[in-house]
Each structure stands twice: as C-alpha cells, then as structure tokens.
1. With Cβ to Cβ distances under 15 Å as the rule, what net charge do the other residues near L36 carry (K, R +1; D, E -1)?
2. For region 44-117, what is the convex hull volume of its Cα atoms per residue in Å³?
3. Taking the highest mean first, how do the peptides 81-90, 165-174 order by number of other beta carbon atoms within 10 angstrom per residue?
4. Quantify how much of the Cα-Cα distance distribution of region 83-139 extends past 19 Å, in percent.
5. Could you tally the net charge around S132, taking each other residue with its Cβ under 14 Å from the Cβ of S132, Lys/Arg +1 and Asp/Glu -1?
6. Output the peptides 102-115, 121-134 sorted from most to least packed, where packing is the average of other Cβ atoms within 10 Å over each peptide's residues.
Amino acid sequence: MALPILCCLLVIFLPAGLAKKSDVIEITDDNWRDILEGEWMIKFYAPWCPACQKLQPEWQDFAEWGEDLNVNVAKVDVTAQPGLSGRFVITALPTIYHCKEGVFRKYQGSRTHKDFISFINEKEWEAVEPMSTWFGPDSLLMNAMSALFQLSMWIRQCHNYIVEDIGIPVWGSYIIFALMTLVLGLVLGLILVFVADCFCPSKRYRPQGYIYPKSRTSEASKLSEKLEDEQSEDEEDDTDDDDEGTGRAPNMTRDSIRKRAVNS
C-alpha cells in the first residue's frame with residue numbers, strides 16, 4: 001500500500017525537481033541597475049505587439065539555458081516602464097540588448113532561441129559595436145530622457161483622470177494644461193531673472209569706474225594745445241625752407257600778379 005503512494009509522489013514532484021530554471025527576470029525602474037553587473041540579455045516588449053507575442057516562446061526557451069550559459073535573461077514591459085523606454089531610446093518593438101559589465105550592445109540577429117544561445121556561447125557580441133557612453137542608460141543625458149518620458153506618462157494619466165473620472169470635456173482638459181503651463185512658465189521665468197540678477201547685476205548696482213580729476217583733464221588739454229602749436233611751427237619752417245630753395249621770396253608771386261593787373 002505504501003509503495004503505490006510513494007510512486008505517485010515521485011511522479012508528481014520529481015519532474016518539478018529536475019526542471020531547469022526558466023524564469024525571465026522582470027526589469028523595472030527600481031531594479032534596472034542590476035543589469036550593470038554581469039552578463040544580460042534584455043528584451044523590450046509590449047503586450048499588444050504581435051511581433052513580441054511571436055518572440056515570447058523563443059525567449060522563454062532561451063531563458064531555460066540562462067543558467068548553463070551564465071547569462072541573465074530579462075524583459076521590460078515598455079507600457080508599464082516608460083522611464084526605461086526613454087532611458088534606452090526604444091523606437092521599435094521588440095528590441096533586444098546585450099549587456100556585459102555595463103557595456104551595452106544592440107542585438108540585430110535572428111530571433112530564435114538557438115541564435116540567442118549561439119550569440120552568447122560563441123561570444124558573437126564581441127563583433128558588435130558597443131553603445132556610446134553618451135547614450136548609455138546610466139549617463140546624464142539618458143537620465144534626463146527617462147525623466148522626460150516619465151513626465152509625459154504622468155501628464156497622460158492626469159489627462160485620462162480628468163476626462164474619464166471627473167467628466168471634464170477634452171477641450172477643458174487642454175485648457176487646464178495650458179493654464180498650468182503658463183503659470184509654470186511665469187514661475188520659472190521669475191526664478192531665472194532672480195538668478196541672473198544675482199550673478200549679473202544691472203548697471204546701477206555695478207561699481208563705477210575710476211573718474212579722472214578735473215586738474216588732470218586741464219593738463220591734458222594744455223598738452224594737446226602745445227603739441228598743435230609745435231606742429232604748426234614745424235609746418236611753417238618747412239614752407240620757408242621750400243621758398244629759399246627756389247630762390248624766390250614768399251610774396252614774389254603775389255607782387256608780380258598785382259603789377260600785371262595795374263599795367264593792363
């Protein structure tokens with residue numbers, strides 16, 4: 001009697017004990033930094049995407065080999081994690097990334113579990129150009145992009161709440177957001193003006209430059225007049241020298257003209 005019961009227990013629990021680990025790790029905004037350590041294959045998908053649905057069984061089969069290949073197989077639902085969608089700049093679905101110790105590469109090969117296994121086992125990822133550090137998910141630029149995507153999703157949720165739950169018309173929701181944008185712009189403008197005044201004060205608050213005394217100005221004018229007098233004397237001396245070189249008096253030409261006029 002005990003033997004049939006033991007056989008039944010073995011049939012029930014033995015397959016579960018021999019089964020391979022096949023769980024696909026779910027990546028969110030809270031745990032995404034875990035992928036910066038070790039080796040990962042990450043799939044970005046959306047539940048409504050037909051291509052993502054087609055890839056699902058292949059990705060699950062590939063996850064069963066994750067422990068043997070020493071690679072973590074993960075997935076990201078972009079509809080639930082818009083911040084990660086912006087952080088990785090997901091423009092097509094599904095999108096697959098390979099990560100090795102924080103260095104990201106975009107997978108462009110065939111999407112079967114055998115191709116995924118070969119990509120990891122034969123280190124085909126080494127032939128793929130890594131992503132620039134400027135566009136890495138942990139860079140300052142991508143942090144800002146993630147915040148922008150999260151903000152856009154928050155605005156969309158607010159719009160849906162205003163229209164569907166409160167019952168305000170769509171145009172009313174647009175007016176509310178327009179007024180909020182206007183007020184926010186005014187507040188930010190005032191903050192910028194305050195900061196600009198702190199670092200670049202206006203002219204009336206700037207220290208005045210050095211003002212020369214009046215005595216210094218009069219001395220400068222006297223010196224300028226003296227230089228003009230000396231220059232005029234030098235020009236007269238040059239004119240006298242020219243007249244002496246020609247052998248004529250300075251007024252010789254004027255006298256001859258007057259005599260001719262009288263004789264005529």
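1. -3
2. Enclosed volume per residue, from the Cα hull, is 93 Å³.
3. With the highest mean Cβ count within 10 Å placed first, the list reads 81-90, 165-174.
4. Tail of P(r) above 19 Å: 30 percent of Cα pairs.
5. Result for the local shell: 0.
6. Per-residue Cβ counts within 10 Å, averaged per peptide and sorted highest first, yield 102-115, 121-134.
Any read-out appearing in this document is the output of simple, stated calculations on the displayed coordinates, not a laboratory observation. Note that the coordinates shown come from a computational prediction; the quantities given were computed from them, not determined experimentally. When we count neighbours, we look across all protein chains shown, and the Cβ atoms used for this are built from the backbone with ideal geometry, even at glycine.
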